[in-house]
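Have a look at the structure below, then the notes.
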Amino acid sequence: MNPRLDRLHAYPFERLARLKAGVTPPAHLQHIAMSIGEPQHTPPAFVLEALRQNLHRLGSYPATAGMPEFRASAAGWLQRRFAVDVDPDTMVLPVNGTREALFAFVQAVVDDRNNPIVAMPNPFYQIYEGAALLAGAAPCFLNTTAATGYVPDLAAVADDVWRRCQVLFLCSPGNPSGAVLSLEFLRQALALAERWNFVIAADECYSELYPDEAARPPGLLQAALAAGHDRFQRCVVFHSLSKRSSVPGLRSGFVAGDAQVMAKYLLYRTYHGSAMSVPTQLASIAAWDEDTHVVANRRLYQEKYDKVIPILSDVLDVERPQGGFYLWTDVRGDDEKFTRDLFAQQNVTVLPGSYLARAAAGVNPGAGRVRISLVPTVASCVDAAERIRSLIKG
């Protein structure tokens, strides 16, 4: 077996299952699951219809590069959303959700002959770490705390780390904090990538969930263009329909950026066997081409924040995030104990923050926090908030 598999950590939800093992929650309270970032809003009917109408096209193998119509649709959305022009023929690839794509990308990019580093925010999406370890790279954890505004402090990273760095993961809005990376921050990261010759992999799957229609989170390609990199050198972005359009089961997204990097990534994917089915591509085109359903989707999340935060504000330090659908909350104590007690007494499941991070610079920046995913219905989120409040008040 691949010896690098032994370096992988247990996934957060495996650890959560062990934490809850043997606990019997109150039977009279319906379980409310708020640990997983799985959108529960009703999928757009027109996307489902496009999928149904094209099921007959399952009888042929799809191309790894995807349909020209899919790539054009993704490029069109990037232009509408970020005002960037990408070449759909050389700069866009369909992927089966960003999870699969993020992992595969690191395998294609990392050269393990040179003691490589993959840098990432801490806390982080665990795929970043697992991809780095299986590619033969050392993860470098950049702590994101209240003191840093929940963004990595790039200026604090030593030159010898940048010298070995081959990939820098960024996530905006961030998981779990919801912090948005500014154009100035992204340009700082681009300057470092140019100086030290590494690739930036920007996970932007939460980019369409934000509170202010007049202040949309910027993207890496946008920053690259502003910095004069019109070919998006060393930049690759990852986008998904899971959060944007509430279709996590469709497993559909795309990757876009530097044509030279994308050419090698396509070569890897051809052997990896990751082609997206034609019906999925056609349903995805319908989703990427239509924006009004996304407005309604994010308004529903903002309604949840409007109702949940006032309930919790007198018992917890809760802040409305800049994006995403999580509350990243300081529970003023042991995050594992809080999670277990909440399940045992109120039948609500959240995720301990320490499970999303690693100890770095002598501290686990997720410790003492929990991630609360506002994916259930508005009524269920309100019910859960009341139960959390009840637990804390005793």
- Query: How far is the Cα center of region 19-79 from the Cα center of region 106-154, in Å?
  - Reply: 27 Å
- Give the span of region 114-174's Cα atoms along each principal axis, as three whole-Å numbers ordered largest to smallest. 33, 25, 13
- Simple Cβ-charge dipole of region 45-290, Lys/Arg +1 and Asp/Glu -1, about Cα centre, in debye nearest 20: 420 debye
- Label region 6-160 by shape, choosing from rounded, prolate and oblate, from the square roots a ≥ b ≥ c of the eigenvalues of the Cα gyration tensor; if a/c is under 1.5 it is rounded, and otherwise prolate applies when a/b is larger than b/c, oblate when it is not. oblate
- Report the full-extension gain for the segment Ala344 to Gln79: residue separation times 0.36 nm, less the Cα-Cα distance, to one decimal in nm. 90.6 nm
- Item | Value of [θ]222 nm, deg cm²/dmol, for the chain, DSSP H segments ≥ 4, -39500 (n - 2.57) each, nearest 500 | -12500 deg cm²/dmol
- In degrees from 0 to 90, rounded to the nearest 10, what is the angle of the helix 335-346 Cα long axis to the longest principal axis of the chain? 60 degrees
- Between Ser390 and Asp314, how many nm apart are label points set 7 Å from Cα along the C-beta direction? 1.7 nm
- Each residue of region 63-70 in order: what ³J(HN,Hα) in whole Hz does its phi give by Karplus 6.51 cos²θ - 1.76 cosθ + 1.60, θ = phi - 60°, with x for Gly and Pro? 7, 4, 6, x, 6, x, 5, 5
- Take every DSSP beta bridge with both residues inside the chain and express the antiparallel ones as a percent of the total, to the nearest 5. 45 percent
- Query: Which of rounded, prolate, oblate describes region 45-290, given a ≥ b ≥ c as roots of the alpha-carbon gyration tensor eigenvalues and a/c under 1.5 marking rounded, otherwise prolate only if a/b is larger than b/c?
  - Reply: prolate
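Over region 45-290, what is the relative contact order in percent, taking alpha-carbon pairs closer than 8 angstrom and at least six residues apart?
On the way: 461 pairs, mean separation 72.5, N = 246.
Computed over region 45-290, the figure is 29 percent.
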- Note on the structure: Note: Ala263 to Glu303 extended length (0.36 nm per residue) minus current alpha-carbon separation gives 10.2 nm
- So what's the angle, to the nearest 10 degrees on a 0 to 90 scale, between helix 292-312 and the longest Cα principal axis of the chain? 30 degrees
- Item | Under Karplus coefficients 6.51, -1.76 and 1.60, residue-wise ³J(HN,Hα) of region 268-278 in Hz, glycine/proline x | 4, 5, 4, 7, 5, x, 10, 5, 8, 4, 4
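No lab work stands behind these numbers, since they all come straight from the coordinates. Computed from a prediction, not measured in an experiment: that's the story for all the values here. Quick reminder, even Gly has a Cβ in these numbers, built from the backbone with ideal geometry, and neighbours come from all protein chains shown.
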